[in-house]
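Asks: Below you'll find the structure I mean.
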Amino acid sequence: MDKKMKKILFLHGFYASGQCVPAMALRESFEGRAEVLTPDLPMHPREAIDFICELIDREKPDLLVGNSCGAFYAQMLAPIVGIPALLGNPHFQMTEFLKQRIGEHRYKSPRKDGKQDFTINEALIEEFAELETAQFNYCNPYYKDRIWGLFGEQDTLAHFEPLFLEHYNLSFHFPGGHTPTAEEVRDWYVPLVEKLLMKMG
């Protein structure tokens, strides 16, 4: 990495926040070496995408790292904003995930606005459905090697490596589940982030 400190934008999963375990582990791992931004994302997908685009415009990160739903967003946005991305256990069919979970829920990690409760309803599912149909529209040959996938071998929620490989060339595995532990972030995510930053830097 060059002397100017790199900037990484981490996009968390649907039930998570910017204070989730993977976000904190990524921040700790790069302390003093790179700035890791870990914002709380809006629950509604269009709001989330607008929020991420504004943040990218302001902060100009060098790399996107997404997990689950955050990886769904990162895949869509990377070719549009011109930033490489690492997708951790990307969930490309959020509608299927949400349909089984209609009702009241709580976020699994604290959010800065203090709101821990949220509702999954048909309107939210419809919003995700619209995005899903267009999610690979911006794929292009230039990004086949600039968007990498990282897939947990014990992931019971998202099984999208075959779909990922229809669009991109580089996929990696780690021996964990859908949400990586702090140790798995350090052992598997961090080296790939370093490699992507060096390769694209």
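Per-residue answers, yes or no, for (1) assigned to a helix (DSSP H, G or I); (2) closer than 19 Å to Pro191 by Cβ; (3) without any contact (Cβ under 8 Å) to a residue 24 or more places away in the chain; (4) not aliphatic (A, V, I, L, M):
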site	(1), (2), (3), (4)
Met24	yes, yes, no, no
Glu31	no, yes, yes, yes
Cys53	yes, no, no, yes
Gly70	yes, no, no, yes
Leu98	yes, no, no, no
Arg101	no, no, yes, yes
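Asks: Could I ask something else about it? With respect to Ser109, is the statement that it is surrounded by fewer than 17 Cβ atoms within 10 Å (Cβ to Cβ) and outside any helix (DSSP H, G or I) true? Even if it seems obvious, please write down each step before you answer.
Replies: Numbers: surrounded by fewer than 17 Cβ atoms within 10 Å (Cβ to Cβ): no; outside any helix (DSSP H, G or I): yes.
In short, no.
Asks: Please specify each residue of the range 148-157 satisfying the condition of being of a type in the set (A, V, I, L, M, F, W, C) and at pLDDT 95 or above. Don't jump to the end; show me each part of the working.
Replies: Filtering the range 148-157 for residues of a type in the set (A, V, I, L, M, F, W, C) gives 148, 150-151, 157.
Residues satisfying the conditions are Trp148, Leu150, Phe151.
Asks: Here's a follow-up. Need pairs with beta-carbon distance below 8 Å; first residue acidic (Asp, Glu) and within the range 127-141, second at pLDDT 95 or above and not in a loop (DSSP other than H, G, I, E, B); sequence gap 6+ or separate chains.
Replies: Correct list of pairs: Glu127/Pro45; Glu127/Arg46; Glu132/Met94; Glu132/Thr95.
Asks: Still on this structure: Which residues, counting only those in the range 7-51, are touching an Asp or Glu at 6+ places or on another chain (Cβ under 8 Å) and modelled with pLDDT under 95?
Replies: none
Asks: Give the residues of the range 175-201 that are more than 16 Å from the chain's Cα centre (by Cα) and outside any helix (DSSP H, G or I), sorted by residue number.
Replies: Within the range 175-201, Pro175, Gly176, Gly201 qualify.
Asks: Please determine whether any residue of the range 8-30 is at positive phi and either surrounded by 15 or more Cβ atoms within 10 Å (Cβ to Cβ) or of a type outside the set (A, V, I, L, M) (or both). Give the derivation first.
Replies: Here is the first cut: in the range 8-30, the ones at positive phi are none.
No, the range 8-30 has no match at all.
Asks: Now, a different point. Scan (1) closer than 19 Å to Met24 by Cα; (2) in a helix (DSSP H, G or I); (3) in contact with a strand residue (DSSP E or B) (Cβ under 7 Å, 6 or more places away or on another chain) for the single condition Leu150 breaks and write down its number.
Replies: If we test Leu150 against (1) closer than 19 Å to Met24 by Cα; (2) in a helix (DSSP H, G or I); (3) in contact with a strand residue (DSSP E or B) (Cβ under 7 Å, 6 or more places away or on another chain), just (2) comes out false.
Asks: Now for a different question. For the range 153-167, give me each residue that is in a loop (DSSP other than H, G, I, E, B) and closer than 17 Å to Tyr189 by Cβ. Even if it seems obvious, please write down each step before you answer.
Replies: Start the filter on the range 153-167 by keeping residues that are in a loop (DSSP other than H, G, I, E, B), which leaves 153-160.
Passing the criteria: Glu153, Gln154, Asp155, Ala158.
Asks: Also: Name, by its number, the condition in (1) touching a residue at least 40 places away in the same chain (Cβ under 8 Å); (2) on the phi > 0 side of the Ramachandran plot that does not hold for Gly114.
Replies: So Gly114 meets the others, but not (1).
Asks: Could you tell me whether any residue of the range 121-132 is more than 17 Å from Asn89 (Cβ to Cβ), small (Gly, Ala, Ser), loosely packed, with under 14 Cβ neighbours inside 10 Å and at pLDDT below 95?
Replies: No, there is no match, as no residue in the range 121-132 is more than 17 Å from Asn89 (Cβ to Cβ), small (Gly, Ala, Ser), loosely packed, with under 14 Cβ neighbours inside 10 Å and at pLDDT below 95.
Asks: Condition test on Pro84, is it of a type outside the set (A, V, I, L, M, F, W, C), more than 27 Å from Asn121 (Cα to Cα) and touching a helix residue (DSSP H, G or I) at 6+ places or on another chain (Cβ under 8 Å)?
Replies: Details: of a type outside the set (A, V, I, L, M, F, W, C): yes; more than 27 Å from Asn121 (Cα to Cα): yes; touching a helix residue (DSSP H, G or I) at 6+ places or on another chain (Cβ under 8 Å): yes.
So Pro84 passes the test.
Asks: To continue, here is another question. Could you list, ordered by first residue, the pairs with Cβ atoms under 8 Å in which the first is in the range 3-20 and assigned to a strand (DSSP E or B) and the second is buried (at least 17 other Cβ atoms within 10 Å of the Cβ) and of a type in the set (Phe, Trp, Tyr), at least 6 apart or interchain?
Replies: Ile8/Phe30; Leu11/Tyr73
Asks: Still on this structure: Among the listed residues Pro39, Pro84, identify the single one that is under 23 Å from Phe160 (Cβ atoms) and surrounded by 17 or more Cβ atoms within 10 Å (Cβ to Cβ).
Replies: Values: Pro39 fails: under 23 Å from Phe160 (Cβ atoms).
Every option except Pro84 fails the conditions.
The values are calculated or read from the model by the stated rules, or taken from the named source; none is laboratory data. For clarity, every value in this text was computed on a predicted model and none was experimentally measured. As a convention, Cβ positions derive from the backbone with ideal geometry for all residues, glycine included, and neighbour counts pool all protein chains shown.
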